[in-house]
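Here is the structure we will look at, set down as structure tokens.
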Amino acid sequence: MTFEFDIIDVARGKRVVKVKIMLGTEVGNFDISGTAPKEGEVLLDTQIPSLFDQEKTIDLGIFIEDDYKKQGWSTSMIATMVESIGNRMADDQQLFIDVDASEGFWKHIGFRENRYFGDTPRALVGQGYEAYITWRDLKLYCAKKITL
């Protein structure tokens with residue numbers, strides 16, 4: 001079993017950061033998707049280049065083949081992602097999920113209900129997404145799981 005990490009720039013400025021579990025073939029993946037950063041964009045108070053445009057919605061997706069669910073692979077993929085990205089994302093950056101079809105996994109790791117899930121009179125980052133977590137909280141979840 002191996003994990004593969006990749007940063008993919010796709011059409012129209014979209015960027016996907018992906019971790020895959022490989023057991024001969026791909027049996028699971030975890031990705032963070034958003035808009036690529038503006039030229040020269042760095043994290044606040046640093047000179048570290050940002051992975052994403054921090055003013056746009058960044059969303060998450062996860063998939064595991066049924067035969068590999070409930071074995072800790074999702075947590076392992078997320079931990080691999082956190083380690084691979086490191087400090088290239090601001091701690092207060094919010095990451096969103098569109099619909100929670102995970103049977104409670106996202107809530108278990110610390111996602112909170114997005115108060116802008118429904119209609120709002122103005123466009124907001126994360127509007128229409130069901131739940132979110134900050135990069136800091138995702139890192140803390142991984143640190144807690146790895147040290148147990």
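What follows is calculated from the coordinates using simple rules that are stated; it is not laboratory data. Predicted model, so just to flag it, every value in this text is computed and none were measured. Note that we place each Cβ from the backbone using ideal geometry, even for glycine, and neighbour counts take in every protein chain shown.
For the range 54-77, does any single residue satisfy the condition of being under 24 Å from K144 (Cβ atoms), part of a helix (DSSP H, G or I) and among the aliphatic types (A, V, I, L, M)? Within the range 54-77, one or more residues are under 24 Å from K144 (Cβ atoms), part of a helix (DSSP H, G or I) and among the aliphatic types (A, V, I, L, M). Among the residues of the range 70-90, those that are surrounded by 14 or more Cβ atoms within 10 Å (Cβ to Cβ) and either free of Cβ contacts under 8 Å to residues at least 24 places away in the same chain or not aliphatic (A, V, I, L, M) (or both) comprise W73, S74, T75, S76, T80, E83, S84, R88. Of all residues in the range 102-111, none are in a strand (DSSP E or B), under 27 Å from P37 (Cβ atoms) and in contact with a Leu (Cβ under 9 Å, 6 or more places away or on another chain).
Give the range 14-57 a look and list any residue that's farther than 28 Å from K69 by Cβ, touching an Asp or Glu at 6+ places or on another chain (Cβ under 6 Å), surrounded by 17 or more Cβ atoms within 10 Å (Cβ to Cβ) and of a type in the set (S, T, N, Q), or say none. Within the range 14-57, just S50 meets the criteria.
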